[in-house]
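Asker: Shown below is the structure under consideration.
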Amino acid sequence: MGKVALIERGACTFNEKYQRAVGAGAVQVVIYNNVPGIFAGGSITARDGVSSVGIARADGLAILEQLKAGAVTLEWTDVRVNAQNPTGGLISSFSSYGLSPDLNLKPDIGAPGGLIRSTYPLEKSGGYAILSGTSMSSPHVAGGVALLLQARPRTPAQAVRGILQNSADPKPWNGNPGLGFLDNVHRQGAGMVDVDDAILSTTKVEPAKLALGESEAGPATRTLTIENNGPAAVTYDLAHAPALSTIGSTGPGFDTKFASVAFGAASVTVPAGGTATVDVTIAANTALADGGQYGGYLVFTPQGAGRPTACPTPASRATTRRSRC
């Protein structure tokens, strides 16, 4: 009976871990997560009959605990089970960060992309596979846009992104959702796409995102236009929902030194079929490290029953041009 390599995720690639384990004589490779939850790693193409599997951190630690009492036997079977993804609805750990090189907000929006079961080439995986990444999330957004345009066929192409951003749902920080902090705007954009709310929305806020660039010039004031396509006037209460900042050039590190936000009015009334404007002034937290990136959401909540509308606002705090990031 051969030996199974039990490896913790992190430090080097899954493929390197796999190759080292096989080189040392392992007949199977098990990689357990280095953070809570399951993950998409470990599904490395088998070579020389040596397959691999990725498991949750709790399961890996349980095996380690059993190893203290002696050898543990692992049996591979053909039994399939459905396992809930504990990080579902959060930004995947491998998701990239913005801003873009010109300090514009990217990404614009998020969509389900982690551990998605979808079609796959027949010769590779029998027609279906569970994969993660932009190749999975992009079709979600494309399908959402198709549904939006089917329901509202006269929507201009240039307005589609803004409608999706206004109705998206910002998600908690994936590092520790229980702390209650929103994940970085320059990592999740406006949040998770919410197609039904986009279709049913009657309010539009423009611009749908505010990219403030560097903050060396001090507070930035912008004018927002609220358009009400509903049958009655609506009064919106205005608020700011900050998201975590990032600091450092690698890593990155996270920070709670939020920007301050002041609206020209605490609320704004928009007539039916009409528009209204409101000014917002955003100032970087002077204690945030030079080159840090901060952001948050401007939230428009209708008085009475109704769903809030949001506008993401990312920016970079910089005191010199050299610190642009």
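What follows is calculated from the coordinates using simple rules that are stated; it is not laboratory data. Because the structure is a prediction, the values reported are computed rather than measured. Backbone-built Cβ (ideal geometry, glycine too); neighbour counts: all protein chains shown.
Asker: Translational diffusion coefficient of the range 177-325 at 37 °C, 0.692 mPa s, Stokes-Einstein with Kirkwood Rh over Cα pairs, in µm²/s as a whole number.
Answerer: On the way: Rh = 16.2 Å.
Calculated translational D: 203 µm²/s.
Asker: Moving on. Over all Cα pairs of the range 203-249, how is the pair count split among 10 Å bins, expressed in % and running from 0 up to the last occupied bin?
Answerer: Spelled out per bin, shortest first, that is 16, 42, 27, 12, 3.
Asker: Run the dipole for the range 118-270 about the Cα centre, Lys and Arg Cβ at +1, Asp and Glu Cβ at -1, nothing else charged, and hand back the magnitude in debye, nearest 20.
Answerer: About 220 debye.
Asker: Also: Put +1 on the Cβ of every Lys and Arg and -1 on every Asp and Glu Cβ in the chain; which of CYS12, TYR236, THR269 then has its Cα farthest towards the positive end of the dipole?
Answerer: The residue sitting farthest along the positive end of the dipole is CYS12.
Asker: Expressed as a whole percent, how much of the Cα-Cα distance distribution for the range 4-67 exceeds 14 Å?
Answerer: 50
Asker: Taking the number of other C-beta atoms within 10 Å as the exposure measure, put CYS12, CYS311 in order starting with the fewest.
Answerer: Lowest to highest Cβ neighbour count: CYS12, CYS311.
Asker: Relative to the Cα centre, what is the charge dipole magnitude of the chain, using +1 at the beta carbon of each Lys and Arg, -1 at the beta carbon of each Asp and Glu, and rounding to the nearest 20 debye?
Answerer: On the way: 25 positive and 23 negative charges, 87 e Å.
Dipole of the chain, to the nearest 20 debye: 420 debye.
Asker: Please give the charge dipole size of the range 4-67, origin at the Cα centre, charges +1 on K and R Cβ atoms and -1 on D and E Cβ atoms. Round to the nearest 20 debye.
Answerer: That gives a dipole near 120 debye.
Asker: Ranking SER93, SER118 by Cβ neighbours within 10 Å, fewest first, what do you get?
Answerer: SER118, SER93
Asker: Let me ask you something else. Per residue, how big is the convex hull of the chain when only Cα atoms are used? Give it in Å³.
Answerer: Considering the Cα atoms of the chain, their hull volume per residue is 177 Å³.
Asker: With a 10 Å Cβ neighbour count serving as the proxy for reagent exposure, in which order, fewest first, do VAL29, VAL35, VAL234 appear?
Answerer: Lowest count first: VAL35, VAL234, VAL29.
Asker: Can you give me the angle between helix 157-167 and the longest principal axis of the chain, using Cα atoms only, in degrees from 0 to 90, rounded to the nearest 10?
Answerer: The two axes meet at around 80 degrees.
Asker: When the helices in the chain are scored as -39500 (n - 2.57) per DSSP H run of 4 or longer and the sum is shared across all residues, what 222 nm value do you end up with, to the nearest 500 deg cm²/dmol?
Answerer: After summing the helix terms and dividing by the residues of the chain, the value is -5500 deg cm²/dmol.
Asker: What angle do you read, to the nearest 10 degrees and between 0 and 90, between the alpha-carbon axis of helix 14-23 and the longest principal axis of the chain?
Answerer: So the helix axis and the longest Cα principal axis differ by about 10 degrees.
Asker: Would you be so kind as to identify which of VAL205, GLY295, GLY49 lies farthest towards the positive end of the dipole of the chain, taking Lys and Arg as +1 and Asp and Glu as -1 on Cβ and the Cα centre as origin?
Answerer: The one lying farthest along the dipole's positive direction is GLY49.
Asker: Another question about this same structure. Pairs of lysine in the chain with Cα under 27 Å and at least 8 positions apart or on different chains: total?
Answerer: Summing the qualifying lysine pairs gives 12.
Asker: Which whole-angstrom value gives the distance between the alpha carbon centres of the range 206-281 and the range 166-191?
Answerer: 16
Asker: So what is the relative contact order of the chain, in percent, for Cα pairs below 8 Å that sit 6 or more residues apart?
Answerer: 14
Asker: Measure nothing but the geometry: give the 0 to 90° angle between the long axis through the Cα atoms of 134-151 and the longest principal axis through the Cα atoms of the chain, rounded to 10°.
Answerer: Once rounded, the angle reads 40 degrees.
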